[in-house]
Amino acid sequence: MPQTSVRRSRKPSKAESAELKRQGDRPKKVYRAPDPSSLLVTRQQASRLLNTSVSTLIRMENSGRLTAIKFDESENGMVHYQTAEVRRLAQGVSSAST
């Protein structure tokens, strides 16, 4: 039985990359919008990220330190926070504790 070799793709050399670039064979970079699910976190996720209780998050909402985003106007609707705001608070908490 003849042996068949498996050809593995390799990274092109600098010269080959430059040639491909000149020829325009490289695909253009495409801007991708951020995943919408990564822009918001739930109360439970925020409490884990900040290492606090949900009650503390509610107190932070009431004092104005954290902005709640509610999709359902009912009292039992889920509450979310902007990920950037939670990260900002996490940075403030970690730098204050050191």
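Residues in the range 29-43: is at least one assigned to a loop (DSSP other than H, G, I, E, B), at pLDDT below 90, surrounded by 10 or more Cβ atoms within 10 Å (Cβ to Cβ) and not basic (Lys, Arg)? Yes, some residue in the range 29-43 is assigned to a loop (DSSP other than H, G, I, E, B), at pLDDT below 90, surrounded by 10 or more Cβ atoms within 10 Å (Cβ to Cβ) and not basic (Lys, Arg). Answer yes if at least one residue in the range 6-28 is loosely packed, with under 13 Cβ neighbours inside 10 Å, within 21 Å of the chain's Cα centre (by Cα), at pLDDT 60 or above and at negative phi, and no otherwise. For the range 6-28, residues loosely packed, with under 13 Cβ neighbours inside 10 Å, within 21 Å of the chain's Cα centre (by Cα), at pLDDT 60 or above and at negative phi: absent.
A residue that is out of contact with any Phe, Trp or Tyr (no Cβ under 6 Å at 6 or more places or on another chain), of a type outside the set (D, E, K, R), at pLDDT 80 or above and assigned to a helix (DSSP H, G or I) can be found somewhere in the range 63-75.
If GLU85 meets every condition in (1) at pLDDT 70 or above; (2) loosely packed, with under 10 Cβ neighbours inside 10 Å apart from one, which number is that one? Answer for GLU85: the failing condition is (2).
The values are calculated or read from the model by the stated rules, or taken from the named source; none is laboratory data. None of these values were measured; they are calculated from a predicted model. For neighbour counting, all protein chains shown are included, and Cβ atoms are generated from backbone atoms with ideal geometry for every residue, glycine included.
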